[in-house]
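Before any comments, here is the structure.
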Amino acid sequence: MFSQRHFTRLLTLGAAVTVIVAVAGCSPSTKSASSSPVPLRLGYLTRVTHAPALIGVNDGLFAQQLGSGVTFTAQPFSTGTEEITALLSGHLDAAYVGPNPAFNAWQKSNGKAIKIISGAASGGTSMVVQPGITSAQDLRGKTVADPALGGTQDVSLRDWLSKNGLKTDTQGGGDVSVKPTNPESAIVQQFVSKQIAGALDSAPFDVQMIKAGGVRLWSDPNTITVLVVRQDFLAAHPDAVAGLLRGQVQANDKIGADPTAAVQSANAALAKTLGKGLDPEVLAESFKETRFTNDPGIASLRDQVGKAVAIGLLQPLNIDGLFDPAPLNAVLAASGKPAVAA
């Protein structure tokens, strides 16, 4: 779980990339009554499915759109669970996360802590298995991995196994042992060394397993990344949230209009954070399998809530009101783009 000590250690070890900007911009600025800059702290993960965040940070899109009234800080995290803990404890104002961590925050706070304000990506997630495995039944008695207990991939994996008649539990028991593994690079290493029979993971890790000889058994098309913001921050600083959304939309526009430049930008961001970028083939395939979109996909979110409840990782939950479309639709309308549905 995220803690202040963990947060400090991340910064001390240099695993974080922090971007602090206070530059004049052409967009409206957000200032307090004392004219002090508003701090906006954004979290994201170092995955290709978080490419809008990677590009927005690397290219300065968020900073440009936020303007001189906002001090912008971007912080990478290892898991969405850590991001949600940081949001709920007041260490972050906004974050790119998977749907299930967002559901958990919504449930833990009785719908009072966060709002989803945009989508970011869907797809980009595959079940990759060792050669010779052709069905869920071939995994009986074996160990498979995913990034985090209760995470988006964990729910999808356990739901798929359950629908194929295979039981799991949160202690790693059952017909198939599910092993939440962090860092995600360790999943690839365990797959290569055949410590695990397979894994459900997102780009670039699923692609890396395939390049290592793995077989894609199935792909998950559902929403994989959304942008959330603390409700108190949204209420106090709507202009800052609008600037953040403009940067998000601009990043996805870049992916659509100039994929080559977008790929290079995302890889540069990864290199700054991780010490090195991705293999070009891995990166290209990762972008190819991922759909980058501002629409969070309400039908997909409801489907994922149902799965989490069915397998016992989430109490029955009504997500009406979790997505607030108004700020995003205002930004889309200003740029001549169609609105997204609530």
How much accessible surface area, in Å² rounded to 10, belongs to the heavy atoms of PHE287 with a 1.4 Å probe? 30
Per the 1.4 Å probe, what fraction of the accessible area of the range 44-134, in percent, lies on carbon and sulfur atoms? 47
How big is the antiparallel share of DSSP beta bridges in the chain, given as a percent to the nearest 5? 60
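When a/c is below 1.5 the answer is rounded, else prolate if a/b is larger than b/c, else oblate, so apply that to the range 211-342 with a ≥ b ≥ c taken from the square roots of the Cα gyration tensor eigenvalues. Before the final figure, lay out each step's value.
Values: a/c = 1.92, a/b = 1.16, b/c = 1.65.
Oblate is the answer for the range 211-342, as a/c is 1.5 or above yet b/c matches or exceeds a/b.
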Model label zone, LYS288; criterion: amide N under 17 Å from point 7 Å along Cα-to-beta-carbon; scope the range 197-235: 203-220
Positive end of the dipole of the chain, charges at C-beta (+1 Lys, Arg; -1 Asp, Glu), about the Cα centre: which of SER177, ALA102, ASN294 has its Cα farthest in that direction? SER177
Just to confirm the number: angle between the C-alpha axis of helix 238-257 and the first principal axis of the chain, 0 to 90 degrees, nearest 10? 60
Select from GLY247, GLY214, PRO325 the residue farthest towards the positive end of the dipole of the range 206-342; place +1 on Cβ of Lys and Arg, -1 on Cβ of Asp and Glu, and compute about the Cα centre. GLY214
Straight-distance crosslink candidates among lysines, where the alpha carbon sits under 18 Å from LYS288 and sequence neighbours closer than 8 are dropped: LYS211, LYS254
Give the calculated FRET efficiency between ALA341 and ARG216 to the nearest 0.05, with a Förster radius of 30 Å applied to their Cβ-Cβ distance. 0.45
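For a Förster distance of 51 Å, can you work out the FRET efficiency between the beta-carbons of LYS108 and SER68, rounded to the nearest 0.05? Show your work: numbers first, answer last.
Details: r = 35 Å, r/R0 = 0.69.
Computed FRET efficiency for LYS108 and SER68 comes out at 0.90.
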Centroid-to-centroid separation of the range 140-160 and the range 280-342 [C-alpha atoms, Å]: 21
Given Cβ point charges of +1 (Lys, Arg) and -1 (Asp, Glu) and nothing else, what value in debye, to the nearest 20, does the dipole of the chain about its Cα centre take? 380
Report which label in [x] 62, 43, 42; [y] 67, 43, 37; [z] 72, 51, 37 holds the value of Cα extents along the principal axes in Å derived from the coordinates of this structure. [x]
Max mean-square fluctuation residue, GNM over the chain, Cα-Cα springs under 10 Å, options GLY56, GLY123, GLY306: GLY306
If you bin every alpha carbon distance in the range 47-117 into 5 Å steps from zero, what whole percent lands in each bin? 3, 15, 25, 24, 18, 12, 4, 0
If one compares the long axis through the Cα atoms of helix 259-274 with the longest principal axis of the Cα atoms of the chain, the angle in degrees, nearest 10, works out at 80
In degrees between 0 and 90, to the nearest 10, how far off the longest principal axis of the chain does helix 298-310 point, with axes built from Cα atoms? 50
Within the accessible area of the range 234-342, what % is carbon and sulfur when the probe is 1.4 Å and the other protein chains stay in place? 55
Pick out, from ALA113, ASN267, GLN153, the residue whose Cα sits farthest towards the positive end of the charge dipole of the chain, with +1 on the Cβ of Lys and Arg and -1 on the Cβ of Asp and Glu. ALA113
Please work out the average accessible area per residue across the chain, using the 1.4 Å probe convention, and give it in Å². 40
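Let me know the volume per residue of the alpha-carbon convex hull for the range 79-231, in Å³. Show your work: numbers first, answer last.
Values: hull volume 15.8 nm³, N = 153.
Hull volume normalised by residue count: 103 Å³.
Any idea what the dipole of the range 181-273 comes to, in debye rounded to 20, about its Cα centre with Lys/Arg Cβ at +1 and Asp/Glu Cβ at -1?
240
The values are calculated or read from the model by the stated rules, or taken from the named source; none is laboratory data. Keep in mind the model is a prediction, meaning the values are calculated, not measured. Here the Cβ is made from the backbone with ideal geometry for all residues, glycine too, and neighbour counts use every protein chain on show. All accessible areas refer to the heavy atoms of the entire protein, side chains included, with ligands and DNA or RNA removed. Shrake-Rupley method; radii C 1.70, N 1.55, O 1.52, S 1.80 Å.
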